[in-house]
Every structure is written in C-alpha cells, then in structure tokens.
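**Q** What follows is a structure written as structure tokens; I'll ask about it next.
The values are calculated or read from the model by the stated rules, or taken from the named source; none is laboratory data. No experiment lies behind these values; they were computed from the predicted model shown. Here Cβ is always computed from backbone atoms with ideal geometry, including for glycine, and neighbour counts include all displayed protein chains.
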Amino acid sequence: MELLTIGYEGRTLPQFVRLLQAQDVARLVDVRARPQSHKPGFSALALFDGLRKAGVTYDSDRALGTPDDVRALWRAGDIAGGKARYRKLVSGPRRPRLQLLLSIAQFERVCIMCFEAEPAHCHRSVIAEEAVRLQPDLGVTHL
C-alpha cells in the first residue's frame with residue numbers, strides 16, 4: 001500500500017491532473033483547512049469538476065488542514081515548530097481522520113494535496129510520517 005502527496009504550487013490544473021493520472025490516482029484528498037485558491041482551478045468546486053472529468057474522485061478533509069496558529073508558524077519560517085504543533089494534532093485529536101484516510105488507501109490509490117510544492121515545508125509530510133507510524137509497511141511518494 002502507498003500514500004502519495006502533492007502540492008499544486010507552480011503547477012497548472014492540466015499539469016496537476018496529468019501527473020495524478022500518470023500515477024493512477026483514484027482519489028485526491030484535499031487536506032487544506034480552507035479549500036480555496038486564487039490560482040485558477042484549485043478551489044474546491046473547480047478542482048472537483050476538473051478531477052471528475054479526469055476520472056479522479058475529489059474529497060476535502062478540512063480536519064487534516066493546518067489551523068491558523070500552526071500556519072502562522074510556518075509562514076514565520078518556524079518549520080520545526082509548525083511540524084511539532086501539527087504532529088500533536090494528527091497523533092492526538094485528529095488521529096481518527098488519519099485512520100480513515102488509511103482505510104480508504106487500502107482500497108484506492110490515494111493522494112493527499114495542499115498548496116506547498118516542497119513536502120518538507122508542509123503539513124502533508126507530517127501526515128505521511130504519522131501514517132507510516134500507524135502502518136509501518138506503508139510506502140509514501142511525494143509528487
């Protein structure tokens with residue numbers, strides 16, 4: 001089993017969709033707290049429609065998004081602090097959401113997404129790390 005992650009920063013919607021198709025992604029799970037974007041095609045409804053046309057299911061899981069206080073740490077350059085605060089959420093009160101994500105990934109090829117291009121600077125890397133803690137045989141690929 002494998003979990004994929006992707007950020008849409010620097011990509012157009014057609015590039016993004018082609019990459020998901022090339023990786024045989026069946027379901028994209030949007031892990032932004034606010035699934036909105038100034039970038040054309042990446043707000044929830046537009047993304048849902050664009051992915052549906054490409055045969056990819058779109059889900060939004062705001063509970064796995066970063067709260068404002070954690071996002072503020074990342075924006076201030078405190079990546080380690082942001083990751084530590086976010087890890088407490090994912091390994092604590094938001095763990096059931098992570099477990100649900102892993103359950104879905106047993107049946108479908110799943111990719112989680114947010115904006116940030118560099119996974120090391122993003123909460124989705126923490127999601128992936130915590131997923132591996134729950135399921136040690138899980139493979140992770142950052143697109």
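**Q** I'm trying to understand the selection: among the residues of region 73-94, which are farther than 21 Å from F42 by Cβ, in contact (Cβ under 8 Å) with a residue 24 or more places away in the chain and part of a helix (DSSP H, G or I)?
**A** Result: I79, G82, K83, Y86, R87, V90, S91.
**Q** Out of the residues in region 9-29 meeting the condition of being in contact (Cβ under 8 Å) with a residue 60 or more places away in the chain and crowded, with 22+ Cβ neighbours inside 10 Å, tell me which one is farthest from T57 (Cα to Cα).
**A** L20
**Q** Provide a single number: the residues in region 18-55 that are over 16 Å from F115 (Cβ atoms) and of a type in the set (V, I, T).
**A** 1
**Q** Of all residues in region 30-41, which are assigned to a loop (DSSP other than H, G, I, E, B) and touching a residue at least 12 places away in the same chain (Cβ under 8 Å)?
**A** Listed by number, the residues that qualify are V31, R32, A33, R34, P35, S37, K39, P40, G41.
**Q** Looking at (1) at pLDDT below 95; (2) of a type in the set (A, V, I, L, M, F, W, C); (3) surrounded by fewer than 18 Cβ atoms within 10 Å (Cβ to Cβ), which is the only condition V132 fails?
**A** Against the list (1) at pLDDT below 95; (2) of a type in the set (A, V, I, L, M, F, W, C); (3) surrounded by fewer than 18 Cβ atoms within 10 Å (Cβ to Cβ), V132 comes up short only on (1).
**Q** What residue, of L73, L45, L64, is within 18 Å of R87 (Cβ to Cβ), hydrophobic (A, V, I, L, M, F, W, C) and out of contact with any Leu (no Cβ under 8 Å at 6 or more places or on another chain)?
**A** Only one candidate passes the filter, namely L73.
**Q** Can you name the number of the only condition in (1) closer than 22 Å to T57 by Cβ; (2) surrounded by 13 or more Cβ atoms within 10 Å (Cβ to Cβ) that A84 fails?
**A** A84 satisfies every listed condition except (1).
**Q** Please find, within region 30-50, the residue that is surrounded by the fewest Cβ atoms within 10 Å (Cβ to Cβ) out of those that are more than 20 Å from R124 (Cα to Cα) and hydrophobic (A, V, I, L, M, F, W, C).
**A** Per the criteria, the residue is L45.
**Q** Output the qualifying pairs, or none if there are none: Cβ atoms under 7 angstrom, residues six or more apart or on different chains, first residue in region 106-122 and more than 21 Å from Q36 (Cα to Cα), second residue modelled with pLDDT under 95 and in a loop (DSSP other than H, G, I, E, B).
**A** So the pair list comes out as Q106/M1.
**Q** Here is a follow-up. Consider G7 carefully, then state whether it is at positive phi, of a type outside the set (A, V, I, L, M) and at pLDDT 95 or above.
**A** Criteria not met by G7.
**Q** Considering each residue of region 114-128, count those that are under 18 Å from I104 (Cβ atoms) and either over 12 Å from the mean Cα position of the chain (by Cα) or not in a helix (DSSP H, G or I) (or both), and give that number.
**A** 1
**Q** Could you go through region 18-26 and let me know if any residue there is more than 19 Å from T141 (Cα to Cα) and in a loop (DSSP other than H, G, I, E, B).
**A** Checking region 18-26: not a single residue is more than 19 Å from T141 (Cα to Cα) and in a loop (DSSP other than H, G, I, E, B).
**Q** Of the residues that make up region 100-109, is at least one assigned to a helix (DSSP H, G or I), hydroxyl-bearing (S, T, Y) and within 15 Å of I6 (Cβ to Cβ)? Even if it seems obvious, please write down each step before you answer.
**A** Going residue by residue through region 100-109, those that are assigned to a helix (DSSP H, G or I) are 100-105.
Pick out the ones that are also hydroxyl-bearing (S, T, Y) and you get 103.
Going one step further and asking which of them are within 15 Å of I6 (Cβ to Cβ), we end up with none.
No, there is no match, as no residue in region 100-109 is assigned to a helix (DSSP H, G or I), hydroxyl-bearing (S, T, Y) and within 15 Å of I6 (Cβ to Cβ).
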